[in-house]
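Undergrad: Handing you this structure, nothing more for now.
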Amino acid sequence: MTPTPEYRKTRVVIDAAQLDVLIANLRAQGYEVIGPTVADGAIVYAPLSGAGELPAGVTDVQGPGSYRLEKNGTALFAHVVGPHAWKRYLYPPEQLLFRSVRQGRNLRINEELELKRYAFLGVRPCDIAAIRIHDKVFADGEYADPGYSARRQAAFIVAVNCTRPAATCFCASMNTGPRARDGFDLALTEFSDRGAPEFLVEVGSARGSQTLAKLKHRPAGEDDLKRADALLAAAARSMSRSMPSGIADAIEDHLEDAYWDKIAGRCINCANCTMVCPTCFCTTVEDVTDLSGDIAERWRKWDSCFNIDFSYIHGGSVRREASSRFRQWMRHKLDTWHDQFATSGCVGCGRCITWCPVGIDITEEARTLTKG
Amino acid sequence: MNDPMIPAPFRVKRTRKELEDTFTLELAPIRNSRPFHFSAGQFNMLYVHGVGEVPISISGDPGDPSVLVHTTRSVGTVTDAMWKLKQGDTIGIRGPFGTSWPVVEAEGSDVVIVTGGIGLAPLRPAIYHIITNRKRYGNVVILYGARTPEDILYRREIERWRSRLDIDVEVTVDRATGHWAGNVGVVTKLVSRGGFDPSQTVAMVCGPEIMMRYCVQALNDQGVANDRIYVSMERNMKCAVGFCGHCQFGQAFVCKDGPVFRFDAIERDFYVREL
């Protein structure tokens, strides 16, 4: 076993002003800094030029099919996760794969790789788990996606542990949060209960350590560590939702069951759950040409197993019934994902519950199946 | 890092009309003169400039990597455009992808090949391999079904195989026309003719799912166990490398865990509706 690097033992405290310095430092290192900010009544992940753009004093109130922002306190990270996930940057919704240029009867096919160095500020532990799942899909298998791999390798991750879960969160039952154990360069735990916010900082990499060195900080005391432990333990306890154990077996036991028709009667096949899910990775491709037809582009776009065309083969779609499509989504996410990638496809972020227009709650549905 | 989503340009060397709706392309790489190696049962993604990309199984001889052969039916926008390609045109190729027919595992065993319609195209490479290495196999039985005599794919080749005394070839049609003097009925019926030792047989089956379902049943009735039966599955595919999610069939990605599956590995999911 390799010994734990010295930086992993670092525990320091910074004040909120240092976040501005952190963003400036990361930008000076050539990173585009992406973090949470308020847009269109939701917290989204967008380019940040300073800590002033963080959603200070904004908290999100979430429930099945419901999402509201409220003003409350001074904390910078009193929100949890919104409709965006980091896949938007690591595996963009629309991506040019290649350009094909026709010259006479020849084709010149050129790869189009857009490589950006991102620093993600405010990555929640569930989303770190989601990124690691995408590593298995796009980087660690028999084939690797060079765009994903390059962006992922470059990405600097500043995690923020969750001291205030939303009502839709169930990461504790998925063992993905509310505290990030690794998979970050820096990890913050926000203290906002005693005046101006402060942050306990943990270090997960050498480059995280080097970046932290440029921030004004004080060593964390025993009370700081205890304070963080207590906040995160309370956060875990406060989660009202959980994924029942045995869900994968329950799905296998109910592959042909009237349950799927029942749930399909509520699901409106809008695909929202798959768009907001941080692990859903399905895509389709689109071909476009210029007016001459000589220059063609092939684009990869996010797709959803809820679309009827998704399973189209000559003769018709395989999954014609909404019940079959719902079953595919849920079986893949909670069951066959284990066979494919040795992990659940769910990280407990609760996005699919919040953004479902009819408020379908995956934990409730899973409970129905495990009980039946 | 090589991007598995980027096609390599191939030159159309020959095109051939096989049937009313079916054609064959013979291709050769342009950039590198490296021969194209593949295993029987694998497929490629074929890209037509500006139109799209489709998965097509390879139907040439794995022993002759100098030419890449694809037989396909014209059933959609991409395959329609593909049929319009002429000798000298360029097409994009990614591959080969996926699992292959168990031609090595089947050595020493009897081999039964059951297929219908265009399903012969993905199995032809296995047939070539078996004929080239005929001594390594026991009895070889090829059972082929088509809708009418006019729909028999690779007819002259089948007639050549049928003239051999070391292969048992039977052809059946759903509906006899013209001077048809052969079998009439579904291909699964031919399985009961036997001519193989069920406990020492490897069966390779390719066709629509409903046909494969009855073939498996007929083979089981003859005593061939599901772990000796191989089928080739079809699902929507956009990437062929496990990124796009479209081809999922239960826990399998048909693109990389298939298309050829040992039947016992997928037996349970095979019988679930709309999976």
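The values are calculated or read from the model by the stated rules, or taken from the named source; none is laboratory data. This structure is a prediction, so every number in the text was calculated from the model and none was measured. All Cβ positions, even for glycine, are placed from backbone atoms using ideal geometry, and neighbour counts span all protein chains on display. With ligands, DNA and RNA removed, areas are computed over all heavy atoms of the protein, side chains included. Shrake-Rupley method; radii C 1.70, N 1.55, O 1.52, S 1.80 Å.
Undergrad: Once fully extended, how much extra length lies between A:D339 and A:K216, figured as 0.36 nm per residue of separation less the alpha-carbon to alpha-carbon distance? If you can, show how the numbers build up before the last one.
TA: On the way: separation 123, 0.36 × 123 = 44.28 nm, distance 4.64 nm.
Stretched out fully, the A:D339 to A:K216 stretch lengthens by 39.6 nm.
Undergrad: Just to confirm my numbers, what's the Cα centroid distance between region B:23-82 and region B:199-275 in Å?
TA: If we compute the Cα centre of each part, the gap is 22 Å.
Undergrad: Ok, one more. Determine the per residue accessible area of the protein assembly as shown with all protein chains present and a 1.4 angstrom probe, expressed in square angstrom.
TA: Using a 1.4 Å probe on heavy atoms only, each residue of the protein assembly as shown averages 41 Å².
Undergrad: Now for a different question. Can you figure out the FRET efficiency of A:D257 with A:E364, using R₀ = 22 Å and their beta-carbon distance, to the nearest 0.05?
TA: 0.85
Undergrad: If we count every other residue with Cβ under 13 angstrom of A:A155's Cβ, Lys/Arg +1 and Asp/Glu -1, where does the sum land?
TA: Details: positive: A:K87, A:R88, A:K116, A:R117, A:R132, A:R151, A:R152, A:R207; negative: A:E32, A:D127, A:D135, A:D185.
In short, +4.
Undergrad: Shifting gears a bit: So if R0 is 56 Å, what FRET efficiency would B:D221 and A:E112 give, r being the distance between their Cβ atoms, rounded to the nearest 0.05?
TA: The calculated FRET efficiency here is 0.55.
Undergrad: I'd like the trypsin sites (Lys or Arg not before Pro) in region B:77-150 restricted to DSSP loop residues with at most 14 other Cβ atoms within 10 Å, sorted by number. Don't skip to the end; give the middle numbers.
TA: Values: sites: B:K84, B:K86, B:R94, B:R134, B:K135, B:R136, B:R147; in loops: B:K84, B:K86, B:R147.
Here the sparse-neighbourhood loop sites are B:K84, B:K86, B:R147.
Undergrad: Same structure again: What's the longest piece of chain A with no exposed trypsin sites (Lys or Arg not before Pro), counting a site as exposed if DSSP puts it in a loop and it has at most 16 other beta carbons within 10 Å?
TA: A:1-104
Undergrad: How big is region A:254-372 on each of its three principal axes, counting only the C-alpha atoms and giving the largest first in Å?
TA: Rounded to whole Å, the extents work out to 60, 32, 30 Å.
Undergrad: Let me ask something additional. Based on the alpha-carbon set only, what is the convex hull volume of chain A divided per residue, in Å³?
TA: 173
Undergrad: On to the next question. How many nm is it between the label spots at B:V184 and B:V104, if each spot is 7 Å from the Cα in line with the beta carbon?
TA: If labels sit at B:V184 and B:V104, their model points lie 4.6 nm apart.
Undergrad: Taking GluC sites (Glu not before Pro) as exposed when DSSP calls them loop (any state but H, G, I, E, B) and at most 11 other Cβ atoms lie within 10 Å, what is the longest stretch of chain A free of them, the sites themselves excluded?
TA: A:143-372
Undergrad: Roughly how large is the B-A contact in terms of buried accessible area, totalled over both chains, probe 1.4 Å, nearest 100 Å²?
TA: Adding both sides of the contact gives about 4400 Å².
Undergrad: Additional query: Quick one: work out the % antiparallel among DSSP beta bridges in region A:6-238, nearest 5.
TA: On the way: 31 of 41 bridges.
Percent antiparallel among DSSP bridges in region A:6-238 is about 75.
Undergrad: Tell me the net charge near A:L369. Cut-off is 12 Å between Cβ atoms, A:L369 excluded, with +1 for each Lys or Arg and -1 for each Asp or Glu.
TA: Around A:L369, the charge tally is -2.
Undergrad: Additional query: Under a point-charge model restricted to the Cβ atoms of Lys and Arg (+1) and Asp and Glu (-1), what is the dipole moment magnitude of the protein assembly as shown relative to its Cα centre, in debye to the nearest 20?
TA: Numbers: 77 positive and 77 negative charges, 187 e Å.
The dipole magnitude comes to about 900 debye.
Undergrad: Over region B:110-232, what is the relative contact order in whole percent, taking alpha-carbon pairs under 8 Å and six or more residues apart?
TA: Details: 210 pairs, mean separation 36.8, N = 123.
Relative contact order comes out at 30 percent.
Undergrad: Which residues of region B:47-62 show a drop of at least 20 Å² in accessible area when all protein chains are present, compared with their chain alone (probe radius 1.4 Å, heavy atoms only, ligands and nucleic acids excluded)?
TA: For region B:47-62, once contacts with the other chains are taken into account, B:Y47, B:H49, B:G50, B:E53 lose 20 Å² or more.
Undergrad: Roughly what % of DSSP beta bridges within chain B run antiparallel, to the nearest 5?
TA: On the way: 33 of 56 bridges.
Antiparallel: roughly 60 percent of the beta bridges in chain B.
Undergrad: Another question about this same structure. Just check region A:130-273 against the gyration tensor rule for me: Cα atoms, a ≥ b ≥ c as the square roots of the eigenvalues, rounded for a/c under 1.5, and otherwise prolate or oblate depending on whether a/b exceeds b/c.
TA: Oblate, since a/c reaches 1.5 and b/c is not below a/b.
Undergrad: Take B:V75 and B:A176, extend 7 Å from each Cα along the Cα→Cβ direction, and tell me the distance between the two endpoints in nm.
TA: Here the modelled spin labels are 2.9 nm apart.
Undergrad: When a/c reaches 1.5 or more, the comparison of a/b and b/c decides; with that in mind, is region B:141-275 rounded, prolate or oblate per its Cα gyration tensor?
TA: prolate
Undergrad: Residues in region A:115-130 near a label at A:R27, defined as backbone nitrogen under 19 Å from the 7 Å Cα→Cβ point?
TA: A:116-123
Undergrad: Do you know the relative contact order of chain A, to the nearest whole percent, from alpha carbon pairs under 8 angstrom that are 6+ apart?
TA: 22
Undergrad: Give me the Kirkwood hydrodynamic radius of the protein assembly as shown, using the inverse of the mean 1/r over all pairs of distinct Cα atoms, in Å to one decimal.
TA: The answer is 27.4 Å.
Undergrad: Which entries of A:K136/B:K17; A:K116/A:K216; B:K17/B:K189 show an alpha-carbon separation above 32 angstrom in the structure shown?
TA: From A:K136/B:K17; A:K116/A:K216; B:K17/B:K189, over 32 Å: A:K136/B:K17.
Undergrad: Would you mind pulling out the separation of the Cα centroids of region A:5-28 and region A:222-253, in Å?
TA: Centre-to-centre distance over Cα atoms comes out at 27 Å.
Undergrad: Then there's this: For region B:58-176, what does the relative contact order come out to in percent, with C-alpha contacts under 8 Å and a separation of six or more?
TA: RCO, region B:58-176: 25 percent.
Undergrad: Evaluate the charge dipole of region B:8-97 about its Cα centre and quote only its size in Debye, nearest 20, assuming +1 on the Cβ of each Lys and Arg and -1 on the Cβ of each Asp and Glu.
TA: On the way: 11 positive and 9 negative charges, 67 e Å.
Charge dipole, region B:8-97, about its Cα centre: 320 debye, nearest 20.
Undergrad: Summarise the accessible area of region B:110-232 (1.4 Å probe, protein heavy atoms) by the percent that is carbon and sulfur. Before the final figure, lay out each step's value.
TA: On the way: 2650 of 5410 Å².
Carbon and sulfur together cover 49 percent of it.
Undergrad: Can you show me the helix-derived [θ] at 222 nm for the protein assembly as shown, built from DSSP H runs with n ≥ 4 at -39,500 (n - 2.57) apiece and divided by the number of residues, rounded to the nearest 500.
TA: -7500 deg cm²/dmol, from helical runs alone.
Undergrad: Top mean-square fluctuation among B:I58, B:I93, B:I131, Gaussian network model of chain B, C-alpha springs under 10 Å?
TA: B:I131
Undergrad: So if I place +1 on the C-beta of Lys and Arg and -1 on the C-beta of Asp and Glu, and nothing else carries charge, what would the dipole magnitude of chain A be about its Cα centre? I want it in debye, nearest 20.
TA: Charge dipole, chain A, about its Cα centre: 460 debye, nearest 20.
Undergrad: Net charge near A:E70, counting Lys/Arg +1 and Asp/Glu -1 over other residues with Cβ under 14 Å of its Cβ?
TA: Within the 14 Å Cβ shell, the charges total +2.
Undergrad: Quick check: pseudo-label points 7 Å beyond the Cα along Cα→Cβ at A:D40 and B:E209, how many nm apart are they?
TA: Result: 3.6 nm between the two label points.
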